[in-house]
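The structure appears right after this line, and notes come after that.
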Amino acid sequence: MKNNEHADAVNAGAALEFCPMMSNYGAPSLTLVEGKGTEVWDSSGVRYLDFLCGLAVTSLGHSHPVVAEAICEQAHTLMHVSNLYNTLPGPEVAITLDRLLQTFPQPGEAGPAAGTTNTGRGGATDPMLSAKPSKQLGQVLFQNSGAEANEAAIKIARKYNGRGRHVVLSAMRSFHGRTLATLHATGQPEKHDTFQPLPEGFRHAAYNDVGAMEAALDPTVGAILVEAIQGEGGVNTPDPGYLRDLRALCDDRSLLLILDEIQTGIARTGAWFGFQHAGIMPDIVTMAKGLGNGMPIGAVWAKREVAQVLKPGDHGSTFAGQPLAAAAARAVLAVMEEMDAPAVARERGAELTAGLLALDGVESVRGAGLLLAAELSEDALRGRTGADVSAACAERGVLVNGVTKTSLRLAPPITVSSAEIEEAIRIIDAAIKAEA
Ligand SMILES: *Cc1c(COP(=O)(O)O)cnc(C)c1O
């Protein structure tokens, strides 16, 4: 491999008194130095199939030539000038995102897999949503990450709703980020304890249970924040009617419906955005991960009436929306539109789902498109955890993650080939069968 220099730099850490990096990620098991498409190589030249994509980030695969070229060209042209000036790629990306948010899957195009079929109000049954998007519905604010996109969404909701209606209701087992406010929005109390007190104004209720959300409402609640599928929480896929019923509840009580599409957005689930399987339109949508294919960029979209509450001075970020990151996002969206990424994610997702379901140790598969979790049987686990089986997969050359104690999360690039899916299935089978 040509990457001995990288390996040397990492190994140089061994000469230090202690590791130069803080230890909040634990001891990394691998040092990855190069990637191409679905494949990555470690510092010893060992090849892996990346079926995790940096947690649903590199959806076009590693080192995608069009994205790499766009980044290089923009780096040679204009990387950064601050938000005191307009720049070119950002507004173009905003226009494209507004259009894609209105581009729903057509009838017959599969919704979430794994026991849940999309029997809900599809895009086509609602003339407003099935009509070819022709008008601009909302506005975009760029951020640098997912958590920041959610922070911005929370601030927009607070300003829109006014003092006294500032509470955001989110779901148990959700994940919305690691900043203090988004950590509080995250419905995992065990993550809260160490960092109390957290910012006030957050409350949680069970996921996939509109009645529980309704019961948690009082006049201080101004917005409901949910994921279309809970990613970090275990690829928890709600019933087909869930988002539709939440939309109705929000309409009824004049609440803003905020969809966190940071993991499910940008074609990952077989629609441009996860909520589109349910045929609804949220008031605010946040996105990040897949938008830059590895370039850090986040965005919050809000429908016009909501977006317009933000006035100069209300919010800002030095780097957000800078031309370098926006040029990457522009290239990502262009490539994805060209290949019809949602359709490809549905096709490859169906192949991967079928392959996993054919394995002895896999009890069920949940998720949609190429955001999937394989639930392992007790026989397959034999006392191991999902993390143990994912480590056994890595040893054999496939990167996945143990998203719960009993399941593996798979999020390969949308550009994954059928042959790579078959190879990964064989390796996962061997990892399940391996001696513990
Ligand atoms: C990853 C993720 C976030 C946080 O994004 P960061 O870029 O890590 O801040 C928020 N919400 C969801 C649903 C995510 O998957």
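The values are calculated or read from the model by the stated rules, or taken from the named source; none is laboratory data. Worth saying up front: this structure is predicted, and the values here are computed from it rather than measured. Glycine gets a Cβ as well: all are built from the backbone with ideal geometry, and neighbour counts include every protein chain shown.
Condition check ((1) out of contact with any helix residue (DSSP H, G or I) (no Cβ under 9 Å at 6 or more places or on another chain); (2) of a type in the set (S, T, N, Q)) across all residues:
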site	(1), (2)
L243	no, no
A267	no, no
W272	no, no
F275	no, no
T286	no, yes
P296	no, no
R304	yes, no
H315	no, no
Within region 168-213, work out how many residues are within 13 Å of the ligand (Cβ to nearest atom), of a type outside the set (V, I, T), part of a loop (DSSP other than H, G, I, E, B) and within 13 Å of I154 (Cβ to Cβ).
-> 2
From L333, L359, L259, L352, which residue is within 16 Å of the ligand (Cβ to nearest atom) and out of contact with any Lys or Arg (no Cβ under 8 Å at 6 or more places or on another chain)?
-> L259
When residues of region 144-167 are limited to those that are more than 9 Å from the ligand (Cβ to nearest atom) and in contact with a Gly (Cβ under 7 Å, 6 or more places away or on another chain), the one nearest to H315 (Cα to Cα) | A157
Does any residue of region 73-88 turn out to be modelled with pLDDT of 95 or more, of a type in the set (V, I, T), over 22 Å from T269 (Cα atoms) and not assigned by TED's automatic domain parsing to the domain that holds G146?
-> no
Scan region 256-273 and report the pairs whose first residue is outside any loop (DSSP other than H, G, I, E, B) and whose second residue is among the acidic types (D, E) and within 12 Å of the ligand (Cβ to nearest atom), with Cβ atoms within less than 6 Å and a gap of 6+ or a chain change.
-> D260/E227
Can you name the residue in region 214-239 that is assigned to a loop (DSSP other than H, G, I, E, B) and charged (D, E, K, R) and is also nearest to the ligand (Cβ to nearest atom) among such residues?
-> E232
Only one of (1) crowded, with 22+ Cβ neighbours inside 10 Å; (2) closer than 30 Å to V416 by Cβ fails for G233. Which number is that?
-> (1)
Taking region 138-149, which residues are closer than 23 Å to I95 by Cβ and either assigned to a helix (DSSP H, G or I) or among the small types (G, A, S) (or both)?
-> G138, S145, G146, E148, A149
Out of contact with any His (no Cβ under 6 Å at 6 or more places or on another chain) and within 13 Å of the ligand (Cβ to nearest atom): does that describe I284?
-> no
Check region 299-315 and report whether any residue there is within 19 Å of the chain's Cα centre (by Cα), assigned to a helix (DSSP H, G or I) and either charged (D, E, K, R) or crowded, with 24+ Cβ neighbours inside 10 Å (or both).
-> no
Check A248 against each of (1) surrounded by fewer than 24 Cβ atoms within 10 Å (Cβ to Cβ); (2) assigned to a helix (DSSP H, G or I); (3) touching a Leu at 6+ places or on another chain (Cβ under 8 Å); (4) of a type outside the set (D, E) and name the one condition it does not meet.
-> (3)
